[in-house]
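Notes follow once the structure below has been shown.
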Amino acid sequence: MIGMRPLPLLIVLLMALALQACSREDFSEDEKALIGQLRLSQLGPLKPDPSNAVADDPRAAAFGEALFFDTGFSVDGTVSCATCHLPERQFQDDRPLARGIGTTDRRTMPLAGASHGQWFFWDGRKDSLWAQALGPMEDAREHAGNRVAFAHRVERAYRDEYEAVFGPLPVLSGLPDEASPLGTAAQQEAWDRIGDDRKTEIDIVFSNLGKALAAFQRTIVHEETRFDRFAEAVIAGRRPEGDAEFNSLEVEGLKLFIGKANCIDCHNGPRFTDEFFHNTGVPAVAGLAGDRGRAQAVEQVLADPFNCMGPYSDAKEEECEELRFMVRDSPEMEGAFKTPSLRGAANRLPYMHAGQIATLEDVIDHYSAAPAAPGGQSELRGVIFTDRGRAALVALLKTLD
Amino acid sequence: MRKWLLAGVVLAALAVVVVVAVRMLMPPPDDLDLARSKPSDGGTYVVSVEPEAEPVERGELHAWIVTVALPDGSAVADAELTVDGGMPQHGHGLPTAPASAGHIGDGRYRVEGVRFNMGGWWVLKFGISSPAGDDTAEFNLVL
Ligand SMILES: [Cu+2]
């Protein structure tokens, strides 16, 4: 065969054009602006947490780190924070549902950079990292501990560390071994018999454990990825070199991510999250009660004695801006869950708030199919991907590992 | 001849793909009114808005200054403001519930607790009530 007939020639030309459109030199100014905002270097320093006076105190962080790994703060000495938040696994556990003393109804969240958000847990039922840390410690499915037992343990094992940061421990003699307003029936009865002043003293110790744990978690940061090295080069107008170079599939994935696939709407900024709540029509989990997500968390965070405006917070009321300006009644919050960061996500299956979706490919199929939500209204507008488009998005997400 | 016809079909299909892709990207309309000062919808007031600090940063909680005047230019010092808004192309509201912290002089009101959690076209809607009447005013911005 000599020469090309018109149709094959046309196809070759079109393919060449398509490839051209994907070359890395070919990002538009708008695309460059979007790529630029995703760089880790654009993540500012952590904002102060006015509700936690020791948030950035290194002694508090060291104490918090010891607490984080101590199984002594659980009902039977088997569970610590690190049971589900494994340091070598991005501080999560690779399971669909977290498992402590029992099994919870949500996926363990990774911890890097978490303190950049404003709301904690998948539904945001806590408004600070320190208030969040208190939840699992008394949850019967997680540590299943109780705050009076925690105070006794601090006195036995951490008196110096505690008092160096928070001042003198209260006198604990005469208190029961176990008591909590959230514990077993016996623990609740024991709590009811404690006088109000001593209850407050215990709650101060309990909240201080959360504040130390938060100080430690504020030191867990994101690490630079191939994506960041590529994006820095694009923004600087340099040719990405070494592992910073993207192949054509990865470039295509990036173009989809910031363009037609609309991923960047919610997965924006250096953490690839808008830190807010969205209903994306993720299926319910068989055997679990319907999960209303953010819709049921609003009352919980308002009623939480450990919230920013509560007696254990170090903030003035006017500093509690997230709580003051929180959306309270919105049908959009029905079945809505927090947008997770995509940094490291490729290596962190399964996905979604209860691990409902097994692989990244399945996640992209979910966004493509955009099924109706089990409760509330899904925000997804289905995007049809070709097999190559799907592979391209997966390739891009892997550059964030 | 048939081959050229085929080529035509391929081109037409490509054109459709391009149109669909462009529609999905949904840039804000070209003729979007970005004016920061305008008569209220019913003409009762002239309303001007500006963020307390420029530029407005995605994700940051911040405040806006809303200035309310009568059409003759006189300041309205006794207005009650409500705030609403969202992203028309995404079909969702604001991620926070901003509120007016009251009159700060010369018909100016500080609206606190505003956050835009995404890039794109946002609308801020103000409800204004004073003895002069109830009215509304809408402003567009692109982030
Ligand atoms: Cu939006």
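The values are calculated or read from the model by the stated rules, or taken from the named source; none is laboratory data. Keep in mind the model is a prediction, meaning the values are calculated, not measured. Glycine also receives a Cβ, built like all others from the backbone with ideal geometry; neighbour counts cover every protein chain displayed. Remember, those area values only see protein heavy atoms, side chains included, never the ligands or the DNA or RNA. Shrake-Rupley method; radii C 1.70, N 1.55, O 1.52, S 1.80 Å.
For the range B:66-88, indicate whether the set of residues that are within 14 Å of another protein chain (Cβ to nearest Cβ), away from the ligand (no atom under 16 Å from the Cβ), in a strand (DSSP E or B) and among the β-branched types (Val, Ile, Thr) is non-empty.
For the range B:66-88, residues within 14 Å of another protein chain (Cβ to nearest Cβ), away from the ligand (no atom under 16 Å from the Cβ), in a strand (DSSP E or B) and among the β-branched types (Val, Ile, Thr): present.
Could you count how many residues in the range A:318-337 are surrounded by 20 or more Cβ atoms within 10 Å (Cβ to Cβ) and at pLDDT below 95?
Counting residues in the range A:318-337 that are surrounded by 20 or more Cβ atoms within 10 Å (Cβ to Cβ) and at pLDDT below 95 gives 0.
Only residues that are free of Cβ contacts under 8 Å to residues at least 60 places away in the same chain and either of a type in the set (Val, Ile, Thr) or loosely packed, with under 13 Cβ neighbours inside 10 Å (or both): list them for the range A:31-46, please.
Once the filter is applied, which keeps residues that are free of Cβ contacts under 8 Å to residues at least 60 places away in the same chain and either of a type in the set (Val, Ile, Thr) or loosely packed, with under 13 Cβ neighbours inside 10 Å (or both), the range A:31-46 yields A:GLY44, A:PRO45.
Across the range A:260-277, what is the number of residues that are out of contact with any strand residue (DSSP E or B) (no Cβ under 8 Å at 6 or more places or on another chain), open to solvent by 20 Å² or more (accessible area, probe 1.4 Å) and within 13 Å of B:MET87 (Cβ to Cβ)?
Result for the range A:260-277: 2.
I need a count of the residues in the range A:175-189 that are open to solvent by less than 80 Å² (accessible area, probe 1.4 Å), among the hydrophobic types (A, V, I, L, M, F, W, C) and either within 14 Å of A:ASP139 (Cα to Cα) or outside any loop (DSSP other than H, G, I, E, B) (or both).
3
Among the residues of the range A:232-249, what is the count of those that are part of a helix (DSSP H, G or I) and open to solvent by less than 40 Å² (accessible area, probe 1.4 Å)?
3
Check whether at least one residue in the range A:250-259 is within 16 Å of the ligand (Cβ to nearest atom) and crowded, with 23+ Cβ neighbours inside 10 Å, and report yes or no.
yes
Just wondering, is there one or more residues in the range B:27-40 that are open to solvent by 80 Å² or more (accessible area, probe 1.4 Å), modelled with pLDDT under 95 and within 13 Å of another protein chain (Cβ to nearest Cβ)?
Among the residues of the range B:27-40, at least one is open to solvent by 80 Å² or more (accessible area, probe 1.4 Å), modelled with pLDDT under 95 and within 13 Å of another protein chain (Cβ to nearest Cβ), which makes the answer yes.
Taking only pairs six or more apart or across chains, which ones have beta-carbon atoms under 8 Å, a first residue in the range A:137-161 that is under 11 Å from A:ALA179 (Cα atoms), and a second residue that is β-branched (Val, Ile, Thr) and open to solvent by less than 10 Å² (accessible area, probe 1.4 Å)?
A:ARG147/A:ILE202; A:ARG147/A:VAL205; A:VAL148/A:ILE202; A:PHE150/A:VAL205; A:ALA151/A:ILE202; A:ALA151/A:VAL205
Name the pairs whose Cβ atoms lie under 8 Å apart, with the first residue in the range B:80-93 and open to solvent by 30 Å² or more (accessible area, probe 1.4 Å), the second more than 10 Å from the ligand (Cβ to nearest atom) and at pLDDT below 95, and 6 or more positions between them or separate chains?
From residues that are open to solvent by 30 Å² or more (accessible area, probe 1.4 Å), the pairs are B:GLN89/B:MET26; B:GLN89/B:PRO28.
Given the condition within 16 Å of the ligand (Cβ to nearest atom), among the β-branched types (Val, Ile, Thr), within 13 Å of chain B (Cβ to nearest Cβ) and out of contact with any Phe, Trp or Tyr (no Cβ under 6 Å at 6 or more places or on another chain), answer yes or no: does some residue in the range A:269-276 qualify?
yes
Among the residues of the range B:95-116, count how many are more than 7 Å from chain A (Cβ to nearest Cβ), free of Cβ contacts under 8 Å to residues at least 40 places away in the same chain and either more than 14 Å from B:HIS62 (Cα to Cα) or within 16 Å of the ligand (Cβ to nearest atom) (or both).
Residues in the range B:95-116 being more than 7 Å from chain A (Cβ to nearest Cβ), free of Cβ contacts under 8 Å to residues at least 40 places away in the same chain and either more than 14 Å from B:HIS62 (Cα to Cα) or within 16 Å of the ligand (Cβ to nearest atom) (or both): 5 in total.
What is the number of the single condition among (1) more than 13 Å from every other protein chain (Cβ to nearest Cβ); (2) open to solvent by 20 Å² or more (accessible area, probe 1.4 Å) that B:GLY119 does not meet?
(1)
Can you confirm whether B:GLY59 is within 14 Å of chain A (Cβ to nearest Cβ), crowded, with 17+ Cβ neighbours inside 10 Å and modelled with pLDDT of 95 or more?
yes
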